[in-house]
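Nothing in this text is a laboratory measurement; each read-out follows from the coordinates by a stated rule. Being a predicted model, the structure only gives us computed values, none of them experimental. With ideal geometry, Cβ positions are generated from the backbone for all residues, glycine too; neighbour counts draw on all protein chains shown.
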Amino acid sequence: MTNGSKPVHVKRRPDGAALVIAAVLAVIAGVMFWDVSRLAGAAGYSQVGPTTVPYVIAICLLGLAVWTVFEAWRGDFPEREHQQLGPIFWIVAGLVAQMLLLKIAGFSIATGLLFAFTAAAFGQRKLWKTIPIGIVFAFVVWVIFSKLLQLSLPAGPLEHLFF
Amino acid sequence: MNTFEFLLQGLVIAAQPMNLLYALIGVTLGTAVGVLPGIGPALTVALLLPVTYQLDPAGSLIMFAGIYYGGMYGGSTTSILLNTPGESASIVTALEGNKMARAGRGGPALATAAIGSFVAGLIATLGLAFIAPFIVKVALVFGPREYFALMVLAFVTVSSAFGDSTLRGLTSLFVGLALAMVGIDQLSGQARLSFGIPDLLDGVEVTTLAVAMFAIGESLYIAAQGDRGPDRIEAVKGSVWMSAADWARSWKPWLRGTAIGFPIGAMPAGGAEIGTFLSYATEKRLTKHPEEFGNGAIEGVAGPEAANNASAAGTLVPLLTLGLPTTATAAIMLAGFQQYGLQPGPLLFATNPQLVWGLIASLLIANLMLLVLNLPLIGLWVKLLSIPKPWLYAGILLFATLGTIGANPSVFELGMLLAFGLLGYAMRVFGYPIAPVVVGLILGPLAEQQLRRALAISQGDLTTLVASPVAVVLLLIAAAALIVPLILRARGRGQVLSQLAASED
């Protein structure tokens, strides 16, 4: 990715998205503090135990959150380009479909759907065409990887039909 | 035995027919994937990792070496013909190379890039072979605190020294370090940040994170930009062979590029990009044809391409001798070693010399194979470039998920893949670099181990970290690498640094 030399744009009001990032960093730090405090009793006998480094990292994350708030306030974050959300939903839907169908329908069908949905995200919306193409392609990949390279890829009805 | 005998022994191992076949498959796959637009060496290596799962360690690492070098070659083809560098190390190549391609001199541009990469790869790999034993000797006397200082240096240079924001670089790094804490602590056996979920006890898989961030994050990002019109592929017109004048103008830049790139890659600070920029600047100053620069000067392709490959071989020096990855690609290669329970570092040279020297020797062989493969097959690679976007990214996501499913076919692992993919997308939108997350995840546990060992030896006394001259010098360099860019940016000189952004994907 090239994040190039975008001109620093000075805005008058604080950058809301950057404030959200700062909040997320603070939450991660908080979760680390909470989790590590649970462990503290278990490793009490030495000064450096499994809790030391997580504490340090959590403190640094808090510091970075404060720094992010500061930059957000000054509007130091680079300007974002407009993002289209439609294609994102297609890809995420494809990944979710694959995740949920993998065990039931097997690798080829689940991954074929992912293939078709991703193609749809990039403008190839003819699902009646892309889903069969995806399933056939995924099946070929399944044969190569699971039969030739012995990788264990989940098999479903389609795979059992042939092997 | 001396280096020569070790290297000869390595060549004997690498020249076994099966290993030659693995190397051939590696370079072919590496080039084929590396040539796809938007795919850099880091992603190439991460995507092709599952292909090597079922091989023995030696065969797998040899194939890996081929994939690594092949991915580098593929990237230069993309930048010359398509002007979309797949990695920041190829940006400079695109500068002059694409101009040459537009002027109908794409053939010589590809040829000088290929031969320059070969020359640089050859010299730099030999350099690696001869330098490695010395560094191993030095590294053997390193204690935990020296290792810790070295890793701090690597953290700083990977995250904040280059790029356009110290804040965002450090944030990425600490997100990676936080993810590194997930799972069972290696020294005490305590489960940390796993929230009672068994899947998290093993920690976050480096390959899952890398594939999610690079492949899925990038696909989401490209998709969200919408249709910006088709990319223009420059046809390779005329001969691919270089004329006598091209040769005369190329051989010096190759050697200078190698001389610049290798030391920069070999330093435990990393970043192949810096070498390419320095090489470009050098060639621009030394050239007899200054008017051609910006309009397709062959020196501007030959030098940076050589520097790029030389520093790629250079990054293997800290990786193999110290176990220190300084780029995202090196971090994924380290994960490849770890899947066989191998920890690169000085001890690997002692306990498993056949493997290390077989790997170094197969780099030489892969390099030679690429030279033979690349130019005659250029037509095939150009065809790969013209795959329409929907099919290209659909295929990328198929193979990205394939790796995760092959390693661990669980819904949870795929869920992590999706979550990290969305994280990678968000980071791209807001200008956060990706490489520090990956390096933080893989180097975090190692750094923690060294730190805790050092503090255990000193019984908790923090001053032990600065009690050795080597550690002090390393920490001072790290502090300088953190502070100097901050000052430069504060005074408005940040543009140079953001051009050197150490982002590769």
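Considering only B:Pro353, B:Gly71, B:Gly431, and ranking their Cα positions along the charge dipole of chain B that arises from unit charges at the beta-carbon of Lys, Arg, Asp and Glu, the one farthest toward the positive end is B:Gly431. Measuring gaps between exposed loop sites in chain B (trypsin sites (Lys or Arg not before Pro); DSSP loop; at most 14 other Cβ atoms within 10 Å), the longest gap, sites not included, is B:1-227. Across the stretch A:44-163, the relative contact order, built from alpha-carbon pairs under 8 Å that are at least six residues apart, equals 22 percent. For B:Ala224, the shell of other residues with beta-carbons less than 10 Å away shows a net charge of 0, using +1 for Lys and Arg and -1 for Asp and Glu.
When only Cα pairs below 8 angstrom with a gap of at least 6 residues are kept, the stretch A:16-74 shows a relative contact order of 55 percent. Relative contact order for chain B: 30 percent, from Cα pairs under 8 Å spaced at least 6 residues apart, divided by residue count. Holding the Cα-Cα limit at 20 Å, pick out from A:Lys126/B:Lys389; A:Lys103/A:Lys129; B:Lys99/B:Lys389; B:Lys252/B:Lys284; B:Lys252/B:Lys288 the pairs that are longer than that. Pairs exceeding 20 Å: A:Lys103/A:Lys129; B:Lys99/B:Lys389. Rounded is the label for the protein assembly as shown, because the ratio a/c of its alpha-carbon gyration tensor axes (a ≥ b ≥ c) stays below 1.5. Is the stretch A:47-163 rounded, prolate or oblate when judged by the Cα gyration tensor, a ≥ b ≥ c being the square roots of its eigenvalues, rounded requiring a/c under 1.5 and prolate requiring a/b larger than b/c? Because a/c hits 1.5 or more and a/b fails to exceed b/c, the stretch A:47-163 counts as oblate. Only aspartates and glutamates eight or more places from B:Lys383 in sequence, or on another chain, were considered; those with a Cα closer than 17 Å are B:Asp231, B:Glu234. Projected label points at B:Phe134 and B:Ile457, each 7 Å from Cα along the beta carbon direction, are separated by 2.5 nanometres. The charge dipole of chain B, taken about its Cα centre with unit charges on the Cβ of Lys, Arg, Asp and Glu (plus for the first two, minus for the last two), comes to roughly 960 debye.
About its Cα centre, the dipole of the stretch B:247-318 is roughly 220 debye, where the only charges are +1 on Lys and Arg Cβ and -1 on Asp and Glu Cβ. Taken as entire DSSP H runs, the helices of chain B that both span 20 Å or more between Cα atoms along their own long axis and average 1.0 or more on the Kyte-Doolittle scale are B:17-34, B:106-140, B:166-180, B:353-374, B:389-407, B:411-429, B:435-457, B:469-490.
Distances between placed amide hydrogens fall under 5 Å for B:Ala191 paired with B:Asp185, all partners being 5 or more residues away or on another chain. Put in line by how crowded their Cβ is, counting other Cβ atoms within 10 Å and starting with the fewest, B:Asp56, A:Asp15 read B:Asp56, A:Asp15. Across all directions, the shadow cast by the convex hull of the stretch B:53-188 built on its C-alpha atoms averages 12.5 square nanometres.
Dividing the helix sum by the residues of the protein assembly as shown, where each DSSP H run of 4 or more adds -39500 (n - 2.57), gives a mean residue ellipticity at 222 nm of -22500 deg cm²/dmol. The chymotrypsin sites (Phe, Trp or Tyr not before Pro) of the stretch B:168-216 that meet both conditions, a loop assignment by DSSP and at most 16 other Cβ atoms within 10 Å of the site Cβ, are B:Phe195. What is the stretch A:16-74 by shape, rounded, prolate or oblate, if you read a ≥ b ≥ c off the alpha carbon gyration tensor as root eigenvalues and call it rounded for a/c under 1.5, prolate for a/b larger than b/c, and oblate otherwise? Prolate, because a/c is 1.5 or more and a/b exceeds b/c. Local charge for B:Ala248 was computed over the other residues whose Cβ lies under 13 Å away, with Lys and Arg +1 and Asp and Glu -1, and equals +1. Using the Karplus relation 6.51 cos²θ - 1.76 cosθ + 1.60 with θ = phi - 60°, the per-residue 3J(HN,Hα) values for the stretch A:15-29 come to 7, x, 4, 5, 5, 4, 4, 4, 4, 4, 4, 5, 5, 4, 4 Hz, with x marking Gly and Pro.
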